[in-house]
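Asks: Can you keep this structure in mind? I'll have questions shortly.
The values are calculated or read from the model by the stated rules, or taken from the named source; none is laboratory data. Quick caveat, the model's predicted, so the values are computed rather than measured. Positions of Cβ are generated from backbone atoms using ideal geometry, with glycine treated the same way; all protein chains shown enter the neighbour counts.
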């Protein structure tokens, strides 16, 4: 399926501000980026680099005044592979080296505080994929998905106490519970076709049975086409933008995702 996704951001900047954006999807086995547009007003220098999680990052100095960013990408996305319910638990000693960081507690996924809870939730489950299914089912039943309910990142412990959150929050509770069982888990942000209300979306992936599997506690991962922009340990690694200076909030943000036909 071909998707065209766009994101527009506008700011009013009161002092020159160093910023890092994460707005460009990259091609990999699950998606091919056929074309892109990246527009800045006013035009200025951008330095791009790849971070330690293989995300494309754009570094710039936002000038004083009105500052506008518009991005668009046409992407051929592969269907999310059906979950392999037989995928078993991977012994930590056999994991690839680049997967180890997704076992550790992180700022928003305090897995070291979910050990007893995680063990209780998966009683009777076959280690691996079945445990993740049990975790997702519990989160869906016990933590309400409330779009636009959280304007800033909160941790898995906080979300578990509140019993509600946005897509990112539910995914991070799942991640913390998975890591508490020594199942590598990472947060992914991107675009989801037909998401309501339309916005940037977050889901998570786990490493079982020798590969990464997609899970989404708010949408069916096998029915909804998606474009991944960034992946990391939690929300701190995958923010669409980071600023280094006075608080700078977007005056406007608009996301669109539509299906397009290619001949």
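Asks: Would you pick out the residues in segment 146-172 that are crowded, with 23+ Cβ neighbours inside 10 Å and either in contact with a strand residue (DSSP E or B) (Cβ under 8 Å, 6 or more places away or on another chain) or assigned to a strand (DSSP E or B) (or both)?
Replies: Across segment 146-172, the qualifying residues are 156, 159, 165, 167, 168, 170, 171, 172.
Asks: Looking only at segment 91-116, count how many residues are surrounded by 15 or more Cβ atoms within 10 Å (Cβ to Cβ) and out of contact with any strand residue (DSSP E or B) (no Cβ under 6 Å at 6 or more places or on another chain).
Replies: Looking only at that region, the number is 11.
Asks: Name every residue in segment 173-188 that is closer than 11 Å to residue 205 by Cα and either not in a loop (DSSP other than H, G, I, E, B) or not assigned by TED's automatic domain parsing to the domain that holds residue 161 (or both), in order of residue number.
Replies: At the first step, the residues of segment 173-188 found to be closer than 11 Å to residue 205 by Cα are 174-175, 178, 183-188.
Within segment 173-188, 174, 175, 178, 185, 186, 187, 188 qualify.
Asks: What is the residue count in segment 148-169 for residues that are over 20 Å from residue 113 (Cβ atoms) and over 15 Å from the mean Cα position of the chain (by Cα)?
Replies: Taking segment 148-169 and keeping what is over 20 Å from residue 113 (Cβ atoms), we get 148-149, 151-152, 166-167.
Next, only the ones that are over 15 Å from the mean Cα position of the chain (by Cα) stay: 148-149, 151.
So the count comes out to 3.
Asks: For residue 174, work out the one condition from (1) at pLDDT 95 or above; (2) farther than 22 Å from residue 86 by Cβ it doesn't fulfil.
Replies: So the condition that residue 174 fails would be (2).
Asks: What is the residue count in segment 218-245 for residues that are touching a strand residue (DSSP E or B) at 6+ places or on another chain (Cβ under 7 Å) and in a loop (DSSP other than H, G, I, E, B)?
Replies: The qualifying residues number 11.
Asks: Of the residues that make up segment 112-121, is at least one outside any helix (DSSP H, G or I), closer than 20 Å to residue 182 by Cβ, assigned by TED's automatic domain parsing to the domain that holds residue 216 and in contact (Cβ under 8 Å) with a residue 12 or more places away in the chain?
Replies: As a first pass, look at segment 112-121 and keep what is outside any helix (DSSP H, G or I): 114.
Filter once more, so that each one left must be closer than 20 Å to residue 182 by Cβ: 114.
Now drop any that are not assigned by TED's automatic domain parsing to the domain that holds residue 216, which leaves 114.
Now drop any that are not in contact (Cβ under 8 Å) with a residue 12 or more places away in the chain, which leaves 114.
Yes, there is a match, as at least one residue in segment 112-121 is outside any helix (DSSP H, G or I), closer than 20 Å to residue 182 by Cβ, assigned by TED's automatic domain parsing to the domain that holds residue 216 and in contact (Cβ under 8 Å) with a residue 12 or more places away in the chain.
Asks: State all residues of segment 13-39 that are out of contact with any strand residue (DSSP E or B) (no Cβ under 6 Å at 6 or more places or on another chain) and in a strand (DSSP E or B); if no residue qualifies, say none.
Replies: If the condition is that a residue be out of contact with any strand residue (DSSP E or B) (no Cβ under 6 Å at 6 or more places or on another chain) and in a strand (DSSP E or B), then 28 is the only one that fits.
Asks: Right, residue 180: at pLDDT 95 or above, more than 13 Å from residue 234 (Cβ to Cβ) and surrounded by fewer than 18 Cβ atoms within 10 Å (Cβ to Cβ) or not? Break it down stepwise before answering.
Replies: Values: at pLDDT 95 or above: yes; more than 13 Å from residue 234 (Cβ to Cβ): yes; surrounded by fewer than 18 Cβ atoms within 10 Å (Cβ to Cβ): no.
No.
Asks: Got at least one residue in segment 74-95 being within 18 Å of the chain's Cα centre (by Cα) and assigned to a strand (DSSP E or B)?
Replies: Yes, segment 74-95 contains a residue that is within 18 Å of the chain's Cα centre (by Cα) and assigned to a strand (DSSP E or B).
Conditions tested, residue by residue: (1) touching a residue at least 24 places away in the same chain (Cβ under 8 Å); (2) more than 20 Å from residue 225 (Cα to Cα).
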position	(1), (2)
11	yes, yes
16	yes, yes
35	yes, no
38	yes, yes
47	no, yes
76	yes, no
